[in-house]
Amino acid sequence: MPLPEGARSPGGVSRETRSWGYTNRTFELEDSGGCAPRRPCAGDRGRGDVLLDTTSPKMSDLDTEVLPLPPRYRFRDLLLGDQSFQSDDRVQVEFYVNENTFKERLKLFFIKNQRSSLRIRLFNFSLKLLTCLLYIIRVLLDNPDLGIGCWGCVKQKYTFNGSSSEINWAPILWVERKMALWAIQVIVAMISFLETMLLIYLSYKGNIWEQIFRVSFILEMINTLPFIITIFWPPLRNLFIPVFLNCWLAKHALENMINDFHRAILRTQSAMFNQVLILFCTLLCLVFTGTCGIQHLERAGENLNLLTSFYFCIVTFSTVGYGDVTPKIWPSQFLVVIMIGVALVVLPLQFEELVYLWMERQKSGGNYSRHRAQTEKHVVLCVSSLKIDLLMDFLNEFYAHPRLQDYYVVILCPTEMDIQVRRVLQIPLWSQRVIYLQGSALKDQDLMRAKMDNGEACFILSSRNEVDRTAADHQTILRAWAVKDFAPNCPLYVQILKPENKFHVKFADHVVCEEECKYAMLALNCICPATSTLITLLVHTSRGQEGQESPEQWQRMYGRCSGNEVYHIRMGDSKFFREYEGKSFTYAAFHAHKKYGVCLIGLKREENKNILLNPGPRHTLAASDTCFYINITKEENSAFIFKQEEKQKKRGFAGQALCEGPSRLPVHSIIASMGTVAMDLQNTECRPPQSSGGGGGNKLALPTENGAGSRRPSIAPVLELADSSALLPCDLLSDQSEDEEAPSEDDGLSVVEYVKGYPPNSPYIGSSPTLCHLLPVKAPFCCLRLDKGCKHNSYEDAKAYGFKNKLIIVSAETAGNGLYNFIVPLRAYYRSRKELNPIVLLLDNKPDHHFLEAICCFPMVYYMEGSVDNLDSLLQCGIIYADNLVVVDKESTMSAEEDYMADAKTIVNVQTMFRLFPSLSITTELTHPSNMRFMQFRAKDSYSLALSKLEKRERENGSNLAFMFRLPFAAGRVFSISMLDTLLYQSFVKDYMISITRLLLGLDTTPGSGYLCAMKITEDDLWIRTYGRLFQKLCSSSAEIPIGIYRTECHVFSSELHDLRAQSQISVNMEDCEDTREAKGPWGTRPGPGSTHGCPAGSGDPAEHPPLRRKSLQWARKLSRRSSKHAGKAPAAAEWVNQQRLSLYRRSERQELSELVKNRMKHLGLPTSGYDEMNDHQNTLSYVLINPPPDTRLEPNDIVYLIRSDPLAHVGSSSQSRKSSCSHKLSSCNPETRDETQL
């Protein structure tokens, strides 16, 4: 392509490209298919100062333009062919970012380019410091006493006369300057002058006066021009020039150098550091200027040296003013006044800027030191908003582990620090270890401030108090992505709210989904009471010392057992389990609990990453297995005292301890006496199940010898290796046999056969597949509506369905995907079909199509639109036929203007239901755990007040579970999802805790892993006597591992605080109240509607219940007779009568409430018979004992938590072995044997 005439290439050489007889041009194809020459465009001009003219000439002008090529091209073309068209038609074009002029190039080098500009400013700064140093050298070499005068003049000596007011100006105007010093100063001045003029030229923008009247330019001219003049006028070489003023130019150069430094390295240093540096430089310049100025002016006075002048300036600027050194002449005095005035103006401005930056830094938190990040360990906590409860839960749980005491916690939060949080972080305990940074995880600068790339872990927590929880999850996802992008090697611990958003953060090392865990835990609460309390105690770090100073026996035992946690150890390194290598899992679990008091719950193979809970007796332990166990503390912190154990064996102390009830010995004494549980292991025969027992395999059998009842009952030993003939058939197979039987149709209802399979429709991505009871054909959506009939059935209330089992009602605002996890554990394949409870979803809003599609395959799952605060809705959904009501916290009420008021509506509604339906087991979810003290609130109950004081005392002692003694929490009636925040925190030290918790809750189903269930202890099972013997019975018969007890005790709440110690003296004697005794039923029979998980205070037969009013009157008469017999005990009797009068008043009020409920039921057309059967169990308290000692006495109505082995793990067993194993099922015992073996 030819260049037009006059156009030049970037190198300055004009080029023309020609070929044989024609000119090469660039053509572009047009739509017509022909070739057209390219037309010049506006963009061709102005790029690199090269203009490409592609204007096509006429064809007639081609001959005149074509010129022959030089000879040097012709021979090459003949040899290589005509390639000039392909290679020589291209022109090299260089594009410049800036204008290609001399001024622009200088401007680029001196100003615009960061690195070269930084070098220039560093050179300028060094030059100014050199001038100040040369001035100090000149002052030190100058002696006015030797004479003063111009260059080459005769020196004259002057003396100061203090009595004269005249000033001799010669010492001020003239100084002594050596020739070499003068030459150096001149060179430096010329360089500074040329640099200044060049910068003025480059920065000129049309206003020359703006450049001239700048302070820096004026100072440069004062300090450089006189030296240049002395080159041409030698007498002025001794003229005084105030070179010390260059210190201000050095300060200005330092500021510019810092800015260029930040631009060059693309990093923003602390503004606080910059401001402190500028303030220090300002003070230094003031002192240096004052020192040099006073020293020079006092040459005409007392001739002070530099050190004395410096001393005077320091004393003056510090406002001390000793008065020993003072200026003698008025010029120096005037200079002092000027310097003080400048200091009063400049320094306050600098200090104001510094204070402002300090306050801003207090808000933003500053930076985490890079040096500290490289030498110390720290974790980062990213949250949307930091509340005091969240902060204290994290800090208490995180620093509860001894190995984390040296860690720093860096909090990265976009909001300003809360006042309460600020107060807490000012406590010395936290101020040295917690650093608050205000910033966003989405900004790399803030992540750099937190030194995220050096962090040991990053915890990203969601804001659960947001109204839009989906939006909160989206923010959490973006934070997780940003952290992973910035620091890919930093371990991530993410908390997510909605299960459908979990797969977005699947890359994180540990993820806890709040709604998954919440609904699964609430579901297990319905079939395993107080599962929420059990899991909460397991995932909290506790010392086991809570409540040990309480006068209540249950509080001491409950507090001691709450210290149990899950630990792990390699079997080959364990003293607990090393001796059981090569033996079965159940054998090791029983003997470890018997000998050491530890509860072995699961293990993990070395070659397999999955954790197995209770893999069963067929699993043989290996030295490489990782064992997971429950204990007060981990094995590494345990002391083994075998000598005490041998002494106690010799003395026979253990047999006596069994009859004394729960042990009050210290932990080491309990461990030492655990191997002394007396068991008769000789007789291993079990009686065959009685045909008329009705209990089947649900009752712990009382074995006899040859049918005689003269022998003490025995328990079969736990075998070292599994014997398939001695194992019970699994629940899965027995349930299949039940399904094959023809069910009775007493109610005339059509019976639908269930199948076992995986749910076909999962509502969200990432749900763990679980084998469940399913309908063979999906139910139509219209049949899922409980309160409205359809063409398939005409039922409009729960009574019409005729359910055999009690209902489970869930009250929620919307049918979220998390509600799916409530249904799955209740329909899991290992639940017997006869034990399946109907589930009714009471929803404020109508569920969407996708949710109905997910639940329509499950049997006996219905929904109804209504609210928990509407009595009609509760009655229509069958609340009087329900055993459990679960009230889920509503998303719309999670945030309130006043903190802790988010639960107000929920608490009041539950309190109303608690009054209307006293026998109903209500599980409530709260937003704030501190509000659980208002659940089942009794305003005048002194026992509740005593528990409140106990909670405050435990909080003052530093307990992480101060609320654990609140009765609703201990009984599992209240739950807050924030209690599970510690699960994510504990996973930093125990990376297996999330997996174990999900297995216990049924969220994950690993092949070969067991599941959590419960069994109830009745009067017929008390022959076992102790928890240790029960452990052996379960391990030897059904290979189940007990992990705890849910105990319910009768309790009369005292009205006086000082009567807490005397509760056993004035408690209700249920044996004397004959009309309140419960008729004991067999083990397998389902309790009647009036039975509770409390003391046996209600009859199992509804027909035997007298009306509440008549029953209370009869009780009052009996109490009046008792009070007349015990007239000697006047204070106790008066207290007793007052308590029963109050109880009578409450029952009369309850009777009025029952009339209200019956009237509403009649209005809705519902039968009222079921409501009459409901009675009260308010005078009971329940609590959880995790891994109690083996000598703990069993009591009636105890519910034992079990980890049952996976039924599918034994499917390969032959049917013959199943039949033979049925003979080892636990059967009921005859009355004779039962009477002889009672303790």
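The values are calculated or read from the model by the stated rules, or taken from the named source; none is laboratory data. Everything numeric in this text was worked out from a predicted model, so none of it was measured. Using ideal geometry, Cβ is built from the backbone for each residue, glycine included, and neighbour counts are taken over all protein chains shown. In case anyone asks, the SASA skips ligands and DNA or RNA and just uses the protein heavy atoms, side chains included. Shrake-Rupley method; radii C 1.70, N 1.55, O 1.52, S 1.80 Å.
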Rounded to 0.05, the calculated FRET efficiency for the beta carbons of residue 481 and residue 356 at R₀ = 25 Å is 0.10
Counting only protein heavy atoms with a 1.4 Å probe and every protein chain in place, the carbon and sulfur fraction of the accessible surface of region 355-427 in whole percent equals 49 percent
Cα gyration tensor of region 919-1055 diagonalised, 5x eigenvalues square-rooted, in angstrom largest first, produces semi-axes 30, 24, 14
Output for region 380-488: GluC sites (Glu not before Pro) sitting in coil per DSSP, at most 16 other Cβ within 10 Å, listed by number, reads 416, 456
Residue span residue 623 to residue 1019: 0.36 nm per residue of separation minus Cα-Cα distance leaves a gain in nm of 138.4 nm
Probe 1.4 Å, heavy atoms of protein chains only: per residue, the accessible area of region 805-929 in Å² is 29 Å²
Between the alpha carbon centres of region 811-883 and region 174-210 the gap in Å comes to 88 Å
Here, residue 209 and residue 608, labelled 7 Å along Cα→Cβ, have an inter-label distance in nm of 9.1 nm
Once residue 369 and residue 104 are pulled to full extension, the length gained, defined as 0.36 nm per residue separation minus their Cα-Cα distance, is 91.3 nm
Flagged as over-length at 26 Å C-alpha distance, from 377/484; 604/634; 377/990; 128/328; 377/604; 443/506, the pairs are 128/328; 377/604
For region 208-218, Karplus-derived ³J(HN,Hα) couplings (6.51, -1.76, 1.60; θ = phi - 60°; whole Hz; x for glycine and proline) come out as 6, 5, 4, 6, 6, 8, 6, 4, 5, 5, 5
Checked against the positive end of the charge dipole of region 820-974 (+1 on Cβ of Lys and Arg, -1 on Cβ of Asp and Glu, about the Cα centre), the farthest of 856, 962, 866 is 962
Taking a crude spin-label model, label points 7 Å out from Cα along the C-beta direction, the residue 228 to residue 953 distance in nm is 8.9 nm
Computed for region 762-874: size of charge dipole around the Cα centre, +1 on C-beta of each Lys and Arg, -1 on C-beta of each Asp and Glu, debye to nearest 20, value 660 debye
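Between residue 570 and residue 377, what is the FRET efficiency for a Förster distance of 22 Å, r being their Cβ-Cβ separation, to the nearest 0.05?
Computed FRET efficiency for residue 570 and residue 377 comes out at 0.35.
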The percentage of the accessible area of region 792-938 (probe 1.4 Å, all protein chains present) made up of carbon and sulfur atoms, to the nearest whole number, is 48 percent
Set 498/846; 103/205; 788/834; 518/778; 788/1162, cut-off 21 Å on Cα-Cα distance; pairs above it are 788/834; 518/778
Extension length gain for residue 340 and residue 453 (0.36 nm per residue less Cα distance), in nm, is 35.8 nm
Once both label points are put 7 Å beyond Cα along the C-beta direction, the residue 470-residue 420 separation in nm becomes 3.1 nm
Measuring from its Cα centre, region 822-946 shows a charge dipole (+1 at each Lys and Arg Cβ, -1 at each Asp and Glu Cβ) which, in debye to the nearest 20, is 660 debye
